[in-house]
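Bear in mind these aren't lab numbers, they're just calculated from the coordinates by the rules spelled out. This one's a predicted model, so the numbers in the text were calculated from it and none came from an experiment. Here the Cβ positions follow ideal geometry from the backbone for every residue, glycine too, while neighbour counts run over all protein chains shown.
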Amino acid sequence: MGDEKQFLNGFEEYVLLAVLKLGNNAYGVTIRQAVEDATERATSIGALYAALDRLEQKGFIRSCLGEATPERGGRAKKYFTIEGAGSQALDAAARARQRLGGLQAAGGVV
Amino acid sequence: MKNQKIVDNKMWWKRIPWSGVVPGLMPVLGLGLSLSGLGLVPGLLGVVLGLLVVALVVILRYRPRTASPSRTAHRTRLPEQPPELAAYLLRFLPKKDREAIIGDLEEEYTIVYRRFGLRKADRWFYWQVLASFWPSFKRAIVQLGALHWLGEVFRRFIS
């Protein structure tokens, strides 16, 4: 069995993919919009930051403070970037899905 | 001058002597823990009711009348500013991500306000504030449950 710490749940995977897709412009607002657009479901900012915290603790992403803008009440943006371990976790999740997809096809469900 | 007054009222929580309020919360937690001898639910209710009383006292004591987030709130607020009570509640989020979350919500509030108007933007903001507390609330419930379980084990051990 793989390390439990390196396991990605569904929502964390979406968030990690959004961070990867957004590149240098990945912060709370843009990540939430990307996840909502992709999943077509509303996402609360609290749940998003809880997932981002977990991903950071697992070493999949890192954060840094950016510039403060007037429309944010003078508060700084918190930017997120994906780490090597994050990319590996996404690869592992994709491989697991492929294997499960193969099993599903073999079982005649699809 | 009028704008300056609004800005001052908006920052009313900065006048609260937190160093006095925080120790005042300890009896509330003590009350909750003592009631937890009767069971987890009365204990949690004790803590929640105590916190509500403390919040009410602080808000009534320090919040200026002009900053009321009532139906007339839009008259005392600067345009594209989120409701003050909701913005104030965000101060109680965990410190780590507080500034980023408040900034994100204020940025999105501006977008929602321009697209849908004040009423919908305010409703959206209140909902986001409540939703942003949910993960912390869930964690606190789990921790209180664990504390209660440990207390129960300890009580059985010494009896």
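Think of the range B:99-159 as a dipole: +1 on every Lys or Arg Cβ, -1 on every Asp or Glu Cβ, centred on the Cα centre; then among B:Ala131, B:His148, B:Tyr113, B:His148 lies furthest on the positive end. The angle between the Cα long axis of helix A:84-106 and the longest principal axis of the Cα atoms of chain A comes to about 30 degrees, rounded to the nearest 10. The H on the amide N of A:Gly66, modeled in the peptide plane, is under 5 Å from the matching H of A:Lys77, A:Lys78, A:Tyr79, each at least 5 residues off or on a different chain. Dividing the C-alpha radius of gyration of the range B:81-159 by 2.2 N^0.38 Å, with N its residue count, gives 1.58. Express in nm, to one decimal, how much length is gained between B:Val53 and B:Trp127 on full extension, taking 0.36 nm for each residue of separation and deducting their alpha carbon distance. Gain on extension, B:Val53 to B:Trp127, equals 24.4 nm. The modelled label-to-label distance for the pair A:Leu65/B:Leu147, using points 7 Å beyond Cα in the direction of Cβ, is 3.0 nm. As a proxy for reagent exposure, ranking B:Ser159, B:Ser136 by other Cβ atoms within 10 Å from fewest up yields B:Ser159, B:Ser136.
Shielding value for A:44-57 is 5, the average number of Cβ atoms from other chains within 10 Å of each residue's Cβ.
Quick one: which of A:29-37, B:146-154 comes out on top by average Cβ neighbours within 10 Å, and what's the full order, highest first?
Listed from highest to lowest mean packing, they are A:29-37, B:146-154.
Along its first, second and third principal axes, ordered by size, the range A:1-88 spans 49, 27, 21 Å in Cα coordinates. Listed from fewest to most Cβ neighbours within 10 Å, the set B:Ile111, A:Ile61 follows the order B:Ile111, A:Ile61.
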